[in-house]
Amino acid sequence: MAQPGRLGASSPAQNGAVSAEGTPYSNGPVQNTLMHSQVLVSQGYSSPFPESYPHQIPTKTPLNPASGLSNYGDSQAVSSLNSYQRPGQTLSRLPLEPNPVTPLQNTIPLSRMSSPPSSQTPGAIPASSDSFLYGPNPSLSSNWHYGHPQVGSKINHFVPVSTQPSLSGNTNLSRNNQCTSLGAPSLQNNYMKTGSISPPTNQPLPTIFQPTRAPIGPPPSGGPPLDPQRKISNSVPPQPQVISTVNQEASSQLTNQNPKMSRNVGYSYPSLPPGYQNISPPNMSERPSTTLQYTSGLQPFSQSPLGANHLTTSMGGLSLHSEGLRVINLLQERNMLPTASLKAPVPNLHEDIQKLNCNPELFRCTLTNIPQTQTLLNKAKLPLGLLLHPFKDLLQLPVVTSSTIVRCRSCRTYINPFVSFLDQRRWKCNLCYRVNDVPEEFMYNPITRVYGDPLRRPEVQNATIEFMAPSEYMLRPPQPPVYLFVFDVSHNAVVTGYLNLVCQSLLDNLDSLPGNTRTKIGFITFDSTIHFYSLQEGLSQPQMLIISDIEDVFIPMPENLLVNLNENKELIQDLLKTLPQMFTKSLETQSALGPALQSAYKLMSPTGGRISVFQTQLPSIGVGALKSRDEPNQRSSAKEIHLTPSTDFYKKLALDCSGQQVAVDLFLLSGQYSDLASLGCISRYSAGSVYYYPSYHHQHNPVQVEKLQKELKRYLTRKIGFEAVMRIRCTKGLSIHTFHGNFFVRSTDLLSLPNVNPDAGYAVQMSVEENLTDIQVVSFQSALLYTSSKGERRIRVHTMCLPVVSTLNEVYLGADVQAITGLLANMAVDRSISASLSDARDALVNAVIDSLSAYRTSVLSSQQPGLLVPFSLRLFPLFVLALLKQKSFQTGTIAHLDERVFAMCQVKNQPLVYLMLMTHPNLYRVDNLSDEGALNINDKTIPQPSILQLSVEKLSRDGAFLMDAGTVMMLWVGKNCGQNFLSQVLGVPNYASLPLYMTYLPDLDTAESARIGGFISWLREHRPFFPVLYIIRDESPLKATFLQYMVEDRTESALSYYEFLLHVQQQVNK
């Protein structure tokens, strides 16, 4: 039973709870700590290849012959670290890399573990409502616990007690980590600046690299100068290649065959200059800044090639930024919101190292100062975790083609800027500290055309890099891009008119679908029956095939239902033109979504690909049929709302899809309750996306029509990665125990992503398993292996380096309040589903109280009156209050259940920058925009107004204010707004002429109109979703919605910011 007021790392996986029969399917913390080799073989997942992923159909192994349950290999909470491979330790789990060490036989028997204890279990630990748990089973002396469950401990997984036994392994924590250092000296304390951390801000994404071609010549035929005792080889190692590309998906030089390392792709490596130039592209839409640049390009970084640690640098003369030491009394200094967008804190590393670090928009940690011990982390009462945006669209990305991808022989880490070169022949891994040999090919410097300087390689100069994967990274030829569209054509769907827009958008973007000559496409429609469309070459028009037996669906003529796009384009275009008119007179009201999805799965299983489902109502017939659970009387309550799935059908089908590399994206266009809590599982577990358009109608809701049109174009044309897997590695001593996002955890730390898109974010929770007292920095690395739409197998690698600290004050000084808020939001969604919404809200409040109490008692020397916080956490109470008022967690408002569930889906899947904007919107005054501090982009002037506090105190009736809440924008016009703004921007003679319902700005030929139009377009640019605009006046019904975003003001069911601070102070001073 869930403990009130605590948010646990062991709450069921972020992607759902245990199924009704007790089979674990969720994607959260891994529950099976031992992935036995027999289980893996039975599933067909026994791949010997690096980051590889299976292409065999998984065979389900019954857990209990009598029950009929099957093990899908899903794993949830990591209760020990036995599942992680370390130097000297071999595990029977799905390997990601070819390891030269012969694996030991796994002789540990599978054991059975009883279900999680219920509330009546004597061993359960009582919890007060004022405590916040960040890990399984804390001790009584600590409200926060980040470690894994101890041996024999009773774990509260916050899941229903099951009568079925579950698989478990040995829970003993193994600490025998053998790292071969070959006598190499340990890392020196030369990474960090002296003193404490300061909170400077960082920069936007790197700018475009414009290469200056260097003289290209073959490498010297004599090879590198070797040791006198060694025989000099006359063979020339294969010459690597590097591409610096703006969009590698669109590269015309990529072929459709399997990647072969001997061919040329893009620039040859010797064309790279010593450094990437920071030249701002004309369309760069980021604000200028004078702080540190994060660049993905090569950086001149001279190091001693023979030193034991290639990051040795003088630390003298580095001073501390005084702002970082400030102690803030929030009751006296409430207005701490910066007037510009808040940037991530810069880690306290030497500038030569920091300039090589990963951009925080891609890879970010909640604590930029990592505590040395778990005890220190527990004292801080702050969560430790990572937030990732691994497939983000990048303006510039180095792509390396080489026959040798250099990786650690032990932990399989990719070589990166933070490894140590002991000499020209050896490098030490920065994660497990094993010493590895440097391949001869890696020693060739194509810039100088000489051997002996591996430090010039792009792999060592870029924290973000992409590799063209050689053949050993694949089990079969890369799959072709396959797109299947499944349309609801029931009467309700026809009334909305969505099919006209979707088919027209497909016609307009058919040539822009990511792919190549192998691209395939297919269509299914459904109401109470399933309709397939044969697009066989030679037909004069598409042929409809109707399956009326939805209880046992089968695929008629499967070879003609998914066809080559280029070879059958005319038939496909004919179908898209006629499809909207085919069902206009349909009176069929039933919806057989479940059988339609089963049919789509069977059709896609042989190849994998993407299924796009458009649904307009509650499924009512066949498998997966649902009943309404929306109770209007319960909408404003924090209790008894249905956030859990009502059936596990969609979850199980999603797992089957994931096993065949099929992802399902759901477009829900409905004005009625459709049980998104159940339907959303089909996308959550298959690494898909959910789109929701409430009350969609082609005539009555033009705002939603525009939103669907813009977002569908982005969806159809954005880049996509197929059959992907992602693994996150970290320095020895740290461990990952919970994942958040849309995916399926195939083994303990391997995320299965049948599709990966550039708009998806992920989060992980971590703990300090072993003391980090002997090291000064730790590193984190994510590796995403995927197949591009051009048929290339690629590996995108991000590496981040952070300092280790030994004092509580330094931990607080390095806190990243936005990342902390984002991780807490993910954990609160899990808690809402596994326990209750009220428990999640209590846990969020207690997160603030616990951390500020710890700061007050453990860091502050004198107990002063007021609410004292470190400068880094000055916005923590404000952001948590904003979370409490966000649609996912708010109470007291009549929020439709599907809208709340969709908001939770966004929390779990949105990158941090958009999640924060949806949580704490930006408010600007826009009736007096000026060119002062404006950006100049493509000869357009983009004003940069100050960000205001979210309070009606900041509004005035003589002005106009723009609320940017991420997915929606609202322009509130005061009654006494100036005549100039009304006429020059809104095109009305006076305030009374302003319509109550206005959703666009007129395009006027005035300077004022150009300014605000340019500003709104700049805000919308590059977002994965389209923010609709509402222009409202005082009498508008939407004014109440506008005021709901004023998170600092009091509402009927929520405290004001000042009242919340007083409540926190009262609890902190207890």
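The values are calculated or read from the model by the stated rules, or taken from the named source; none is laboratory data. None of these values were measured; they are calculated from a predicted model. Every residue, glycine among them, receives a Cβ derived from its backbone with ideal geometry; neighbour counts consider all protein chains shown. All accessible areas refer to the heavy atoms of the entire protein, side chains included, with ligands and DNA or RNA removed. Shrake-Rupley method; radii C 1.70, N 1.55, O 1.52, S 1.80 Å.
Taking a straight line from the alpha carbon of Lys379, these lysines sit under 21 Å away, with near neighbours fewer than eight places off in the same chain left out: Lys1070.
Averaged over its residues, the range 396-501 has an accessible area of 22 Å² per residue, based on protein heavy atoms and a 1.4 Å probe. Label the range 752-879 by shape, choosing from rounded, prolate and oblate, from the square roots a ≥ b ≥ c of the eigenvalues of the Cα gyration tensor; if a/c is under 1.5 it is rounded, and otherwise prolate applies when a/b is larger than b/c, oblate when it is not. Oblate is the answer for the range 752-879, as a/c is 1.5 or above yet b/c matches or exceeds a/b.
The heavy atoms of Thr529 offer some 30 square angstrom of accessible surface to a 1.4 angstrom probe.
Surface listing: Thr496, Thr773 arranged by accessible area from highest to lowest gives Thr773, Thr496, probe 1.4 Å. With R₀ fixed at 60 Å, the C-beta to C-beta distance from Val450 to His698 puts the FRET efficiency at about 0.35. In this structure the range 766-875 gives 19 Å² per residue of accessible area when probed at 1.4 Å with all protein chains present.
Near the amide H of Leu475, within less than 5 Å, lie the amide hydrogens of Tyr53, all on another chain or at least 5 residues away, with H placed in the peptide plane. Taking only protein heavy atoms and a 1.4 Å probe, the accessible area of the range 580-698 is 49% carbon and sulfur. Of the accessible area of the range 871-1012, with the probe set at 1.4 angstrom, what percent is carbon plus sulfur? On the range 871-1012, the fraction of accessible area on carbon and sulfur atoms equals 48 percent. With Cβ to Cβ distances under 13 Å as the rule, what net charge do the other residues near Pro558 carry (K, R +1; D, E -1)? That works out to +1. Past the 22 Å Cα-Cα mark, which pairs from Lys651/Lys710; Lys651/Lys908; Lys520/Lys577? Correct reply: Lys651/Lys710. Full extension of the segment from Ile546 to Asp437, taken as 0.36 nm per residue of separation minus the current Cα-Cα distance, would add 33.0 nm.
In this simple spin-label approximation, Asp352 and Thr339 carry label points 7 Å from Cα along the Cα→Cβ vector, and these lie 3.9 nm apart. Counting Lys and Arg as +1 and Asp and Glu as -1 over every other residue whose Cβ lies under 13 Å from the Cβ of Leu883, the net charge comes to +3. Compute the length gained on full extension between Asn938 and Thr644: take 0.36 nm times their separation in residues and subtract their Cα-Cα distance, giving the result in nm to one decimal. Stretched out fully, the Asn938 to Thr644 stretch lengthens by 101.0 nm. Summing +1 for each Lys or Arg and -1 for each Asp or Glu among the other residues whose beta-carbon sits under 13 angstrom from that of Leu506 gives 0. Applying the criteria of a DSSP loop state and at most 13 other Cβ atoms within 10 Å to the GluC sites (Glu not before Pro) of the range 1019-1070 yields Glu1021, Glu1035, Glu1052. For the residues Asp656, Asp816, a 1.4 Å probe over the protein chains yields an accessible-area ranking, largest first, of Asp656, Asp816.
Once the 1.4 Å probe is applied to the protein heavy atoms, the range 985-1070 comes out at 49 Å² accessible per residue.
Put Asp352, Asp508, Asp958 in order of accessible area, highest first, and with a 1.4 Å probe you get Asp508, Asp958, Asp352.
Computed over protein heavy atoms with a 1.4 Å probe, the carbon and sulfur contribution to the accessible area of the range 751-839 reaches 37%. I'd like the trypsin sites (Lys or Arg not before Pro) in the range 533-612 restricted to DSSP loop residues with at most 13 other Cβ atoms within 10 Å, sorted by number. Within the range 533-612, the qualifying trypsin sites (Lys or Arg not before Pro) (loop, at most 13 other Cβ atoms within 10 Å) are Lys585. This model, with +1 at the C-beta of Lys and Arg and -1 at the C-beta of Asp and Glu, gives the range 452-577 a dipole about its Cα centre of some 380 debye.
Of the chymotrypsin sites (Phe, Trp or Tyr not before Pro) found in the range 941-1050, those that fall in a DSSP loop while having at most 13 other beta-carbon atoms within 10 Å are Tyr997, Tyr1000. Taking a ≥ b ≥ c as the square roots of the eigenvalues of the alpha-carbon gyration tensor, the range 950-1070 is classed prolate because a/c is 1.5 or more and a/b outweighs b/c. If I take R0 = 51 Å and measure r between the Cβ atoms of Lys1070 and Glu567 in this structure, what FRET efficiency does the formula 1/(1 + (r/R0)^6) give, to the nearest 0.05? The computed FRET efficiency comes out at 0.10.
What the phi angles of the range 899-916 give under the Karplus curve with 6.51, -1.76 and 1.60, with θ = phi - 60°, is a coupling list of 5, 5, 5, 5, 4, 5, 4, 5, 4, 7, 10, 8, x, 4, 4, 7, 4, 5 Hz, glycine and proline written as x.
Extension gain, Leu860-Asp574: 0.36 nm per intervening residue step, less the Cα-Cα distance, totals 95.7 nm.
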